[in-house]
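The values are calculated or read from the model by the stated rules, or taken from the named source; none is laboratory data. Not measured: the values here are computed from a predicted model. Reconstructed Cβ throughout: ideal geometry from the backbone, glycine too, with neighbour counts over all protein chains shown. Just so you know, the surface numbers come from the protein's heavy atoms only, side chains and all, with ligands and any DNA or RNA stripped out. Shrake-Rupley method; radii C 1.70, N 1.55, O 1.52, S 1.80 Å.
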Amino acid sequence: MNSAAHEQRLLESVPTGLLIDGKWQESITGGRFSVNDPATGTTLATVADASAADAAAALDAAAAVQQEWAATSPRLRGDILRRGFEAVHARADDFALLMTLEMGKALAESHAEVNYGAEFLRWFSEEAVRVGGRYTTSPDGGSRLLVTKRPVGPALLITPWNFPLAMATRKVGPAIAAGCTMILKPADLTPLTSLLLAQVLLDSGLPPGVLNVIPTTSAAQTTEGLFRDPRLRKLSFTGSTGVGQKLLQQASTTVLRTSMELGGNAPFLVFADADIEAAVEGAVAAKLRNIGQACTAANRFLVHEDVADGFATKLADRFAAKMLGRGTDDGVEIGPLIDERSREKVRSLVDDALGRGATALAGGAVVPGAGYFYQPTVLTGVPADARVLTEEIFGPVAPIVTFRTTEEAIKEANRTPFGLAAYAYTRDLDRVIRLSERLETGMLGINTGIISNPAAPFGGVKQSGLGREGGFEGIDEYLETVYVGIAQPAS
Ligand code: NAP
């Protein structure tokens, strides 16, 4: 099948309704909204636009089956996830194409996300049967202490547009494994992947009501009422820190359990003893993966002054050689930014830095024509007060600043309210240990530009969030700890 025919057939096969209680349905208001291709601006599909009443119906459905779902065996839940993992792989070409169409990244990157995203289903299919507890004798010997875990209850899962599959599976996987029912609210820019995932999970045996999906163009109004409803017991949010802060306030109404995966401002440190070729390779990955639109994207390149010129020149050469275009086209490595608002932010950050005396060694401008393209950009001589160093760029821009001592590098790396990811290139073990103890970050990549791994705890410190996703920690976010004290007088 040629690619245009594949696109057509795929778009016709993706469900575009709301999923409530196992049934695909229109919004109560009858409203629908368009999902657009960021490379061309053309409409790919229209999707039912959920209202507050639809969200209430989704919570009704989730709450109605919570008890029954919690009582299913861990093995049954694990088997559903395992079948889901296999089904996503069986439709890898469809998932990859769909993500490229609605989000813009190059097809090879979408395939990488299929592998990464599906892995959360496999990982949590394995974790479902490993939830433990403990049984101990109290210190005075007079009672037995039984500690067990149970699902926290219906969960609201809110995801961003940048990794349409992985951000959903990273929440849906552990929620299913733990025995929680859920309402998934994908970003309105990229709802199609979540809708296809939901269909795949239904086909894999997920019972009606366990997963409900409510795309909407009015996120705040649609979800607001859920935060006042005591049946909702959990919020897992991935998105910007600003929205996360608002949701934390709303979550305080009923004291919801919260997991917050928020924004980042990752430093990428290159020390004088680093393998510079490897550091450049890692920098390209840490910066240009997802067109720079990753919460873990390197935001600031802090490079030792002795190696800074060589590093900057090599990085600029690599950036300048990248082929931009629609992610479906052969040879394309860099797609468009998600929308005009995002591109405008990137443009203003670069212009601000240039206005303060920075130099563009590569790029530095928007790409005229259709789509929201921005040139991969390397900036040197960036002053400390440039916004590009303090704000999350979310685009293909690498500002480079230099440092002289390790202490100076650590201080500069920590000069941010965020603390999600950090990267360092060095061959000095003492320095690695020092960095791991002093950098204010939830995750640290040593001699690697890619850190995400479903088997590792993903999450941040400071204003980058609360809680962890993936790893052994990921399922705990969906479990309550219950302690039972049993009197046992001495016999
Ligand atoms: P965003 O604007 O905060 O939106 C995230 C999600 O929240 C979307 O589904 C959005 O819906 C929804 N939302 C927005 N306002 C809401 C409200 N008042 N009530 C309920 N839901 C609301 O973030 P984004 O632009 O999609 O994503 C980029 C941000 O996410 C970046 O800051 C990035 O660092 C962060 N991120 C963090 C991680 C992590 O793991 N730490 C991973 C990926 C991304 P609509 O889009 O439909 O409006």
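Test Leu201 against the criterion of being crowded, with 20+ Cβ neighbours inside 10 Å and either part of a helix (DSSP H, G or I) or away from the ligand (no atom under 12 Å from the Cβ) (or both), and give yes or no. It is true that Leu201 is crowded, with 20+ Cβ neighbours inside 10 Å and either part of a helix (DSSP H, G or I) or away from the ligand (no atom under 12 Å from the Cβ) (or both). Criterion applied to Thr223, Thr258 was being under 22 Å from the mean Cα position of the chain (by Cα) and within 10 Å of the ligand (Cβ to nearest atom), and the one residue passing it is Thr223. Can you name every residue in region 35-70 that is over 16 Å from Ala187 (Cα atoms), out of contact with any strand residue (DSSP E or B) (no Cβ under 8 Å at 6 or more places or on another chain) and polar (S, T, N, Q)? Result: Thr40, Gln67. Within region 441-460, the set of residues being assigned to a strand (DSSP E or B), of a type outside the set (A, V, I, L, M) and surrounded by fewer than 23 Cβ atoms within 10 Å (Cβ to Cβ) comprises Gly445 only. Scanning region 322-365 for residues that are surrounded by fewer than 18 Cβ atoms within 10 Å (Cβ to Cβ) and of a type in the set (Ser, Thr, Tyr) returns Ser348, Thr359. Annotation note: Cβ proximity below 7 Å between a residue of region 50-78 that is in contact (Cβ under 8 Å) with a residue 24 or more places away in the chain and a residue that is polar (S, T, N, Q) and surrounded by fewer than 20 Cβ atoms within 10 Å (Cβ to Cβ) (sequence gap 6+ or interchain) occurs for Ser51/Thr29; Ala52/Gln221.
Tell me yes or no: at least one residue of region 30-38 is assigned to a helix (DSSP H, G or I) and in contact with a helix residue (DSSP H, G or I) (Cβ under 7 Å, 6 or more places away or on another chain).
We begin by selecting, within region 30-38, every residue assigned to a helix (DSSP H, G or I); these are none.
The answer is no; no qualifying residue exists.
Within region 1-14, the set of residues being crowded, with 16+ Cβ neighbours inside 10 Å and more than 27 Å from the chain's Cα centre (by Cα) is empty. Annotation: of all residues in region 390-440 being outside any loop (DSSP other than H, G, I, E, B), aliphatic (A, V, I, L, M) and within 16 Å of the ligand (Cβ to nearest atom), the one that is surrounded by the fewest Cβ atoms within 10 Å (Cβ to Cβ) is Val397. Looking across region 461-491, just one residue is surrounded by fewer than 23 Cβ atoms within 10 Å (Cβ to Cβ), part of a strand (DSSP E or B) and within 13 Å of the ligand (Cβ to nearest atom), and that is Leu466.
Selection of first residues in region 464-481 that are at positive phi and of second residues that are assigned to a strand (DSSP E or B), restricted to Cβ pairs under 6 Å at least 6 apart or on distinct chains, gives the following pairs, ordered by first then second residue: Gly465/Met260; Gly465/Glu261; Gly467/Ser259; Gly470/Phe458. Only one of the listed residues (Val307, Val346) is within 24 Å of Ile450 (Cβ to Cβ), in contact with a strand residue (DSSP E or B) (Cβ under 7 Å, 6 or more places away or on another chain), modelled with pLDDT of 95 or more and within 16 Å of the ligand (Cβ to nearest atom). That residue is Val346.
Filtering Leu302, Leu288, Leu315, Leu324 for residues that are in contact with an Asp or Glu (Cβ under 6 Å, 6 or more places away or on another chain) and touching a residue at least 12 places away in the same chain (Cβ under 8 Å) leaves a single hit, Leu302.
Quick check on region 472-481. Is at least one of its residues β-branched (Val, Ile, Thr) and either out of contact with any strand residue (DSSP E or B) (no Cβ under 8 Å at 6 or more places or on another chain) or closer than 18 Å to Gly292 by Cα (or both)? Yes, the conditions are met somewhere in region 472-481. If you go through region 15-40 and keep only what is open to solvent by 50 Å² or more (accessible area, probe 1.4 Å) and among the hydroxyl-bearing types (Ser, Thr, Tyr), you end up with Thr29, Ser34, Thr40.
Going residue by residue through region 84-104, is there one that turns out to be modelled with pLDDT of 95 or more, over 23 Å from Leu184 (Cα atoms) and in a loop (DSSP other than H, G, I, E, B)? Checking region 84-104: not a single residue is modelled with pLDDT of 95 or more, over 23 Å from Leu184 (Cα atoms) and in a loop (DSSP other than H, G, I, E, B).
Tell me yes or no: at least one residue of region 351-372 is within 16 Å of the ligand (Cβ to nearest atom), outside any loop (DSSP other than H, G, I, E, B) and acidic (Asp, Glu). Even if it seems obvious, please write down each step before you answer.
Taking region 351-372 and keeping what is within 16 Å of the ligand (Cβ to nearest atom), we get 372.
Imposing the further condition that a residue be outside any loop (DSSP other than H, G, I, E, B) reduces the set to none.
Taking every residue of region 351-372 in turn, none turns out to be within 16 Å of the ligand (Cβ to nearest atom), outside any loop (DSSP other than H, G, I, E, B) and acidic (Asp, Glu).
You will find that of Ala108, Ala96, Ala45, the residue that is within 30 Å of Val367 (Cβ to Cβ), under 20 Å from the mean Cα position of the chain (by Cα) and buried (at least 18 other Cβ atoms within 10 Å of the Cβ) is Ala96 and no other.
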